[in-house]
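What follows is a short report on a single structure.
The values are calculated or read from the model by the stated rules, or taken from the named source; none is laboratory data. What you see is a predicted model, and the numbers here were worked out from it, not measured in a lab. Every residue, glycine as well, gets a Cβ built from its backbone with ideal geometry; the counts of neighbours run over all protein chains shown.
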Amino acid sequence: MKMLLMASFTFREALHKRVVNGVLILTVAFLLLYSLGIWLAVRELEGVLQILARQYVMLGMNAVSMIGALLAVFLSVGTISSEVEAGTLHAIVPKPLSRRDVLWGKWLGYAAMLSAYVLLLALATCGVVALFSGVWMWQALPASLLLVVQALVLLSLSVFGTTFLPTVANGVAVFGLYSVAMMSGFVEQLGSMLRNETMVNIGIFVSLLVPSDAMGKLSASVLQQGASYIERAGPFIVLSEPSIWMVVYAAGYIVALLLAAQVVFNRKDL
């Protein structure tokens with residue numbers, strides 16, 4: 001119960017953060033510009049609408065992936081470290097709340113907000129394409145849920161980092177890991193195209209260390225199911241598709257990070 005109360009408090013507190021307000025404004029701007037772009041594209045390229053609709057969706061979902069990743073990092077980057085520096089945890093730890101209640105409650109609060117945001121934005125993106133093109137991708141929901149998992153992986157990394165790193169250092173570290181994972185994903189795709197096994201193995205190895213980009217690639221691979229040969233010529237097509245078991249791995253990865261964060265936080269001098 002205490003953990004859920006902390007989660008509820010964290011959720012409400014996050015709603016008033018400037019970064020959330022800024023992201024909401026940018027989200028509206030993104031949807032308006034994306035809608036305008038799709039409307040213009042549909043009007044000019046009506047003859048090949050069925051072929052390009054999948055590419056429109058994958059373009060939008062790629063943007064949602066990056067927006068969700070950035071929100072996950074900057075929303076939680078100072079979850080513990082900033083409150084330790086401000087001394088606000090002294091009043092609630094260990095009574096009336098345990099450190100476990102604080103850590104897991106904060107994660108649950110941020111996870112609830114992040115999951116709702118990413119899921120709604122991803123489905124809205126698919127809805128924009130359906131509105132102007134008349135083509136609804138049946139894979140939209142599972143692909144959107146995979147982007148939610150991607151955001152939760154980065155959220156967990158950020159929460160883990162905030163238990164022992166200063167706020168700015170944690171933000172740099174997690175964003176750096178996200179960038180490395182994204183670059184390794186590109187290397188893996190390029191290696192698959194060139195049939196270079198070493199490049200593919202490098203990408204797989206890094207995806208095991210930070211599975212965020214693997215979730216993004218898996219989401220894209222779900223969207224490309226049933227694509228024709230012509231549709232597979234687009235820039236967002238995944239050549240080296242991650243295994244569906246990566247979802248199970250990512251779930252275990254999240255739990256492991258939170259357990260490690262709890263161990264570090266329990267030993268931290270407040």
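Does the range 97-112 include one or more residues that are modelled with pLDDT of 90 or more, among the aliphatic types (A, V, I, L, M) and closer than 30 Å to LEU32 by Cα?
yes
Just to be sure, is SER207 outside any helix (DSSP H, G or I), farther than 13 Å from ALA69 by Cβ and either more than 20 Å from the chain's Cα centre (by Cα) or of a type in the set (Gly, Ala, Ser) (or both)?
On the way: outside any helix (DSSP H, G or I): no; farther than 13 Å from ALA69 by Cβ: yes; either more than 20 Å from the chain's Cα centre (by Cα) or of a type in the set (Gly, Ala, Ser) (or both): yes.
Taking the combined requirement at face value, the residue does not satisfy it.
Have a look at ALA112, ALA169, ALA116 and point out the one that is touching a Phe, Trp or Tyr at 6+ places or on another chain (Cβ under 7 Å), more than 23 Å from SER221 (Cβ to Cβ) and surrounded by fewer than 18 Cβ atoms within 10 Å (Cβ to Cβ).
On the way: ALA169 fails: touching a Phe, Trp or Tyr at 6+ places or on another chain (Cβ under 7 Å); ALA116 fails: touching a Phe, Trp or Tyr at 6+ places or on another chain (Cβ under 7 Å).
Answer to the selection: ALA112.
Which of the residues belonging to the range 210-224 are assigned to a helix (DSSP H, G or I), in contact (Cβ under 8 Å) with a residue 40 or more places away in the chain and polar (S, T, N, Q)?
Those that are assigned to a helix (DSSP H, G or I), in contact (Cβ under 8 Å) with a residue 40 or more places away in the chain and polar (S, T, N, Q): SER212, SER219.
Which pairs have Cβ atoms under 8 Å, sit 6 or more apart or on different chains, and link a residue in the range 239-260 that is farther than 17 Å from LEU108 by Cβ to one that is of a type in the set (Asp, Glu) and part of a helix (DSSP H, G or I)?
Here the result reads SER240/GLU188, each pair linking the range 239-260 to a residue that is of a type in the set (Asp, Glu) and part of a helix (DSSP H, G or I).
From the list VAL57, VAL77, pick out the single residue that is modelled with pLDDT under 90, of a type in the set (A, V, I, L, M, F, W, C), crowded, with 23+ Cβ neighbours inside 10 Å and under 18 Å from the mean Cα position of the chain (by Cα). Walk me through how you get there before you give the answer.
On the way: VAL57 fails: modelled with pLDDT under 90.
Within the list VAL57, VAL77, the selection yields VAL77.
With the structure loaded, tell me whether SER65 is more than 28 Å from ALA227 (Cβ to Cβ) and assigned to a helix (DSSP H, G or I) or whether it fails that test. Lay out the reasoning, then the answer.
Values: more than 28 Å from ALA227 (Cβ to Cβ): no; assigned to a helix (DSSP H, G or I): yes.
No, not satisfied.
Those residues that are within 18 Å of the chain's Cα centre (by Cα) and closer than 12 Å to GLY60 by Cα, I need them from the range 119-141; list them, please.
Result: LEU121, ALA122, LEU123, ALA124, THR125, CYS126, ALA140.
Any idea how many residues of the range 68-86 are part of a loop (DSSP other than H, G, I, E, B) and either without any contact (Cβ under 8 Å) to a residue 60 or more places away in the chain or touching a strand residue (DSSP E or B) at 6+ places or on another chain (Cβ under 9 Å) (or both)? I'd like the intermediate steps shown before the answer.
Taking the range 68-86 as the starting set, the residues that turn out to be part of a loop (DSSP other than H, G, I, E, B) are 77-80.
Then drop every residue that is not either without any contact (Cβ under 8 Å) to a residue 60 or more places away in the chain or touching a strand residue (DSSP E or B) at 6+ places or on another chain (Cβ under 9 Å) (or both), which leaves none.
So the answer is 0.
Exactly one of these conditions fails for LEU36: (1) under 30 Å from LEU75 (Cβ atoms); (2) surrounded by 13 or more Cβ atoms within 10 Å (Cβ to Cβ). Give me its number.
Evaluating LEU36 over (1) under 30 Å from LEU75 (Cβ atoms); (2) surrounded by 13 or more Cβ atoms within 10 Å (Cβ to Cβ) leaves (2) as the failure.
So MET193 fits all but one of (1) closer than 19 Å to ALA69 by Cα; (2) surrounded by fewer than 18 Cβ atoms within 10 Å (Cβ to Cβ); (3) in contact with a Leu (Cβ under 7 Å, 6 or more places away or on another chain); what number is the exception?
Exception for MET193: condition (1).
Just the residues that are under 23 Å from ALA151 (Cα atoms) and acidic (Asp, Glu), please, taken from the range 213-270.
ASP213, GLU241, listed by residue number.
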